[in-house]
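The numbers here are math on the coordinates, done by the rules we state, and not lab data. All figures in this text were calculated on a predicted structure; none of them were measured in a lab. Every residue, glycine among them, receives a Cβ derived from its backbone with ideal geometry; neighbour counts consider all protein chains shown.
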Amino acid sequence: MSREPRIEGREQAGQGAEAGALVRYLSIYAALWKTSVTREMSFKGNFILWIVVELLWFGLQLCFISVLYLQTNSIGTWTQWQVVLLVGASSFIQQTYQAIFLSNCVNLSELVRTGKMDFLLMLPVNTRFVVSLRQVDLGSFVNGAFAVAVMVYAAGKLHLHPTAAQFLGFLALCAVGILIHYSLMFMLAAISFWTVRAQGIVWGYYNLFNIARMPDEAFRGVFKAIFTFVLPVLLVSNVPVRVLANKLTSPTLWLVLLGMGLVCAVISEWFWRVSVRRYTSAST
């Protein structure tokens, strides 16, 4: 009897199991979304207030760019509307990250300190999945939509007509940027397994997001090297916008961004596993 039907049967069984696991995790995430919506709608005033606060902050950033360009015609090779496009893209990346991951990274230290990590470790799902995606900040999606509107307006001012490849490349690089932010911040949050409280470290990195709103050509020397290769906040927003605005003359930058995304993801996963092994149950 041929062994090929057996091999094919095993492959099909494996594929079926993977598909079943994917459906299961999607259903779990849908349930987490439902819980987040219920929680947000229970405090509508707070929900609306934070949207307004974030929009005011975003508006102040755009005003700062306007004032800056009253004194100069360009920053390096970046014109005013190209920088507005950059600010919009940076806000879009930040708000998307904030919507999905930020509150979960910040709350990791509380899970460790209070012993609630015990419960999550006992769940029959991947612990990092639950820790990373327990809560969703719906207001940030609204603010992200305003950032997209600013990008569309700036692109109109620049008379940009991106191709499908440019648009898809932009979205893919934004996704890589979000992955980098998540990997680095989750790794910083995992320090709580050593220090118990790590919110200050997490928020410190979050504040560095503001650097991503400026053109990379505005920086020089060691400062630029650090925020390009060590904490790649400049790469995260500048490279996608360069693709969209036809400012990318070489594939080097987007290859570096993809490489940084892969490296950050691998190191973050390794550090997470090392950190969990250090965790001492609150019940012991």
With the 8 Å Cα cutoff and a minimum separation of six or more residues, the chain has a relative contact order in percent of 23 percent
In whole Å and largest first, what semi-axes does the C-alpha gyration tensor of the stretch 94-139 yield when each eigenvalue is scaled by 5 and square-rooted?
21, 12, 7
Which of 219, 176, 70 sits farthest toward the positive end of the charge dipole of the stretch 33-278, with +1 on the Cβ of Lys and Arg and -1 on the Cβ of Asp and Glu?
176
For a quick protection proxy, order the peptides 203-211, 108-116 by their average other-Cβ count within 10 Å, most packed first.
108-116, 203-211
How many percent of all Cα-Cα pairs in the stretch 48-103 sit more than 15 Å apart?
56 percent
Residues with beta-carbon under 12 Å from that of residue 134, excluding residue 134: net charge, scoring Lys, Arg +1 and Asp, Glu -1?
+1
The orientation-averaged projected area of the Cα convex hull of the chain, in nm², is 20.1 nm²
Net charge of neighbours whose Cβ lies under 11 Å from the Cβ of residue 76, counting Lys and Arg as +1 and Asp and Glu as -1
0
Descending Cα extents along the principal axes, the stretch 142-284, whole Å:
63, 36, 26
If we count other beta carbons within 10 Å of each Cβ, what is the order of 266, 106, 176, fewest first?
266, 106, 176
Collect residues whose amide H, placed 1.01 Å from N in the peptide plane, falls under 5 Å from the amide H of residue 198; neighbours closer than 5 in sequence don't count.
109
With only helices counted (DSSP H, runs n ≥ 4, each -39500 (n - 2.57)), the per-residue ellipticity at 222 nm for the chain, to the nearest 500, works out to -24500 deg cm²/dmol
